[in-house]
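Here is the structure we will look at.
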Amino acid sequence: MFVQNLRLAARSLAKAPSFAIVVVLVLALGIGANTAIFSVVYAALLRPLPYHEPSRLLHLGESRAQYAIDVSRAQTSTPDYLDWKKRALSFQSFAVYNGDGFTVSTGGEPKSSFAAQVSASFFSTLGVKPFLGRDFVEADQTTDSPHVLILSYEYWRSDFGSDTGVVGRIIHLDGKPVTIVGVLPREFEFAPASPAPIWVPLHMSANLTARRNLRWMNILARLAPGVTAKQAIAEMNTINAQLASEYPKEDGSTVIVSESLRDTIVGKVQPVLLLLLAAVGFVLLITCANVANLLITRAVPRRKEFAVRSALGASRTDLVLQMLVESLLLSFAGATVGLFAANWGIQLLLSAIPESQLQAMPYLAGAGINLPVFAFLAAVTLITALLFGLAPGFTVSKITVNDILKDETRGGTSTAQNRLRQLLVVAEIAVSLVLLVGAGLMLKSFRALLTQNPGYDTSNVLTFSVNLPDDSYPSDKEPPYNNPSALRFAHQFVDNLRAVPGVVSVATTGAIPTNGGSSTIRFVVEGRPKVLGQEDEADILTTGPEFFDTMRVPILSGRLYTRRDTVDTPSVLLVNQAFAKRYFPNEDPVGKRIRFTYSDQNPFMAIAGVVGDTAQVDLAAPHPPIIYASNDQGPNGFLSFLVRTSGDPAAFIGAARETLRLIDPQLPLIQPRSLEQIAQQSPSVFLRRYPTYLIGSFAALALILATVGLYGLLSYGVLQRTREIGIRVALGAQPVDVLRLVFREGLLTVALGLVVGIAASLALTRLMTSLLYNVTPHDGSTFTIVSLCLAVVAAAACAIPANRATRVDPIVALRYE
């Protein structure tokens with residue numbers, strides 16, 4: 001029976017090739033877009049993590065109870081980590097990971113490389129074994145490590161020519177000989193550490209193991225067999241309470257925070273991907289409604305065929321099955337074409353992601369047409385066929401010979417068919433409005449983010465970093481661990497860069513704005529005693545004296561620190577306006593003194609000035625309280641530089657490299673980029689720009705499809721009512737009366753669609769709240785503008801068939817069959 005229906009469907013569609021091609025192309029667009037988006041969603045959210053039993057992996061950290069914190073940034077101190085390992089029974093193993101960086105020399109030109117620093121238990125906790133060589137062992141974790149390293153598969157392939165004899169080879173990291181002991185498997189990825197080409201053992205200095213309040217370690221833990229995450233966290237809370245009692249100063253106000261490793265990896269991206277999947281799903285619904293309308297229209301000239309089949313004994317079920325088989329054949333053809341479109345669409349989706357963001361999402365490398373995606377394609381093909389095939393199927397199943405005779409006298413279709421087609425167009429308009437409102441909210445949010453003042457001038461600023469090896473630029477062995485050689489380098493490099501023609505100013509900073517790298521510190525204000533563990537906390541950033549002039553951050557009161565403020569003079573600090581408002585409301589903080597509480601030996605330091613607020617990490621977040629410390633009073637071995645230029649910053653990269661080479665030819669320039677580029681590719685901007693563009697594209701496509709559907713409804717309605725319109729004209733109806741007749745039907749359909757669409761939008765846009773910035777999900781202006789735009793476009797779609805109706809010749813119309 002199915003084969004017979006399939007043959008009939010193929011013959012029927014072969015008689016209308018233009019109709020079949022249009023339907024197949026429309027379906028290919030909708031099915032292909034859904035498949036492309038799903039492939040990305042699957043790679044990020046549904047594909048099992050490439051580790052052994054990944055559901056048992058948790059990210060753990062500590063946070064101050066009175067401060068909200070991103071769980072993925074919650075870290076732990078070395079002493080607390082060691083106590084967790086001793087006391088916790090709910091976990092099979094703990095592991096540590098952190099970022100690092102080295103100057104790598106393999107015999108050629110030295111170059112900078114990002115590295116991941118991990119504990120010996122890291123790969124075994126994940127359940128990953130090296131492709132070549134061995135894993136790290138406890139003996140590799142020494143205070144002066146690394147002595148050994150493991151290569152990523154890609155780095156082994158690109159820089160070592162896939163040499164299987166690479167194990168045992170010695171290369172140099174920061175001038176120190178290090179032995180390659182292993183190569184990771186090809187499929188290994190670990191998004192929280194970004195694409196690290198080099199993996200080295202964790203090294204914990206005596207300073208780190210003694211400071212319980214210095215939280216710098218990212219902790220990964222594997223649940224013990226049979227233990228749930230809830231049970232494990234309950235035990236961790238008990239251990240944390242014990243540590244708080246034993247060490248009230250360091251742990252008195254901390255709480256345990258946790259989430260699954262998958263949430264750590266894709267937590268911020270998940271709402272974006274689900275929103276895109278919903279948006280492209282709406283496009284598919286509009287596609288189905290349009291195709292259903294086309295099939296209902298096509299069924300009109302086939303009324304005799306279905307009536308005759310019914311008279312010859314075909315049941316209603318047979319007629320419905322015939323239409324469903326035709327729908328399935330069209331859907332299968334559309335899916336076949338859509339499969340090729342999806343493959344192209346996946347590449348387009350990935351190419352639209354900035355390189356810096358794509359590196360932080362290595363799991364997207366698996367996005368493509370695989371077995372789960374193919375299964376999704378098959379399911380969508382079947383569901384689509386049912387969605388657009390059932391309506392015309394039930395319509396034709398009700399056709400009888402008597403209906404045909406009546407229709408022959410009227411020259412039209414039934415009222416039920418017209419109402420069904422009108423309802424489908426109402427649904428198209430409603431769904432289009434939902435997408436347009438979503439796109440409008442995202443666009444308004446994106447514009448608000450880009451136009452907000454970050455507190456500094458991003459134009460014409462070149463940024464890069466320089467890593468000073470410990471062997472060449474050693475720090476003092478005793479607190480406060482000053483590094484005079486690093487300070488001399490910083491001053492010389494800044495002065496030499498400033499002498500380059502076209503360079504306006506140069507500054508050092510501990511973290512490039514909007515590029516992350518912030519840290520917090522606890523402090524007390526002189527004369528305001530605090531309970532142990534309840535001290536105040538703020539972000540801290542170390543900068544050179546030239547930072548505020550280079551970044552054009554205003555000084556609001558007091559003075560800036562200068563090069564006269566050295567390690568031999570009393571320490572001075574600067575604070576931003578947000579800090580002053582929170583901790584010194586209604587008073588001037590200049591001259592007040594604060595003390596960092598991580599050590600009892602720390603002195604009180606004077607606040608020398610107040611500067612403007614800046615967006616240091618997240619452009620979309622409120623400006624946090626920030627303490628600025630002078631790099632001249634606590635030199636660092638890893639320095640970032642900000643070079644303000646008179647022209648295109650990229651044109652000065654060569655001069656910066658040459659200036660650095662003249663000072664120390666062994667030091668590479670790390671990641672030279674413009675500050676504007678960094679800001680444009682920052683996570684907060686990406687998480688709004690990417691969905692804005694895609695949802696905007698989907699909304700535009702939905703608007704076109706809905707407009708075509710409305711135009712088709714009215715055009716067919718005019719054709720169906722040609723005889724009626726001719727009689728009206730013959731009886732004296734004026735063109736304006738005919739226009740009013742057609743426009744009334746069209747605008748009523750549009751009005752119903754707008755009402756349904758607005759109601760649906762009010763309910764659904766609340767799900768977008770986390771992606772919006774300075775815009776409410778029920779923004780009145782967005783709803784008004786989108787509704788007016790949709791109404792205008794719909795009116796234009798009504799105008800063409802309405803104008804055609806005014807030109808109906810009564811004599812021709814009376815002959816119309």
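Every number here is computed from the coordinates shown, using simple stated rules; none is lab data. Just so it is clear, the model here is predicted, and its values are computed rather than measured. In this analysis, Cβ positions are derived from the backbone assuming ideal geometry, glycine residues included, and neighbour counts consider all displayed protein chains.
Structural remarks
- Highest average first, the peptides 135-147, 753-765, 691-703, 93-105 ordered by how many other beta carbon atoms sit within 10 Å of their residues are 691-703, 93-105, 753-765, 135-147.
- Under-5 Å amide H pairs with residue 61, H placed in peptide plane, nonlocal only: 257
- Degrees separating the helix 484-498 axis from the principal Cα axis of the chain, which is the longest one: 50
- For the chain, a crude dipole built from +1 on the beta carbon of Lys and Arg and -1 on the beta carbon of Asp and Glu, taken about the Cα centre, is about 3440 debye to the nearest 20.
- In degrees, nearest ten, helix 229-246 long axis to first principal axis of the chain (Cα): 30
- Table column - 3J(HN,Hα) (Hz), the range 451-467, Karplus curve with 6.51, -1.76, 1.60, x for Gly and Pro: 8, 6, 7, x, x, 8, 9, 8, 6, 6, 10, 8, 10, 6, 10, 9, 9
- 3J(HN,Hα) along the range 269-282, derived from phi through the Karplus expression 6.51 cos²θ - 1.76 cosθ + 1.60 where θ = phi - 60°, amounts to 7, 4, x, 5, 5, 5, 5, 5, 5, 5, 5, 6, x, 5 Hz, with x in place of Gly and Pro.
- Amide H contacts under 5 Å for residue 91, placed H, 5+ residues apart: 224
- Rounded if a/c under 1.5, otherwise prolate or oblate - the range 146-199, Cα gyration tensor axes: oblate
- The 3J(HN,Hα) values that the Karplus relation (6.51, -1.76, 1.60; θ = phi - 60°) gives for the range 352-361 are, in residue order, 7, 8, x, 4, 5, 6, 5, 5, 7, 10 Hz. Gly and Pro appear as x.
- Selection from 466, 487, 449, by position along the positive dipole direction of the range 424-498 (Cβ): 449
- Helical content of the chain, expressed as a calculated mean residue ellipticity at 222 nm, amounts to -16000 deg cm²/dmol (DSSP H runs of 4 or more residues, -39,500 (n - 2.57) each, divided by residue number, nearest 500).
- Neighbourhood net charge (13 Å Cβ-Cβ; Lys/Arg +1, Asp/Glu -1) for residue 676: 0
- Rounded to 10°, Cα long-axis angle of helix 2-14 versus longest principal axis of the chain: 80
- Net charge dipole size for the range 175-242 [Lys, Arg +1 and Asp, Glu -1 on Cβ; Debye, nearest 20]: 240
- Taking a straight line from the alpha carbon of residue 176, these aspartates and glutamates sit under 12 Å away, with near neighbours fewer than eight places off in the same chain left out: 144, 470, 471.
- Which labelled figure in (i) 64, 31, 25; (ii) 52, 29, 23; (iii) 45, 37, 25 is semi-axes √(5λ) of the Cα gyration tensor in Å, once derived from the coordinates: (i)
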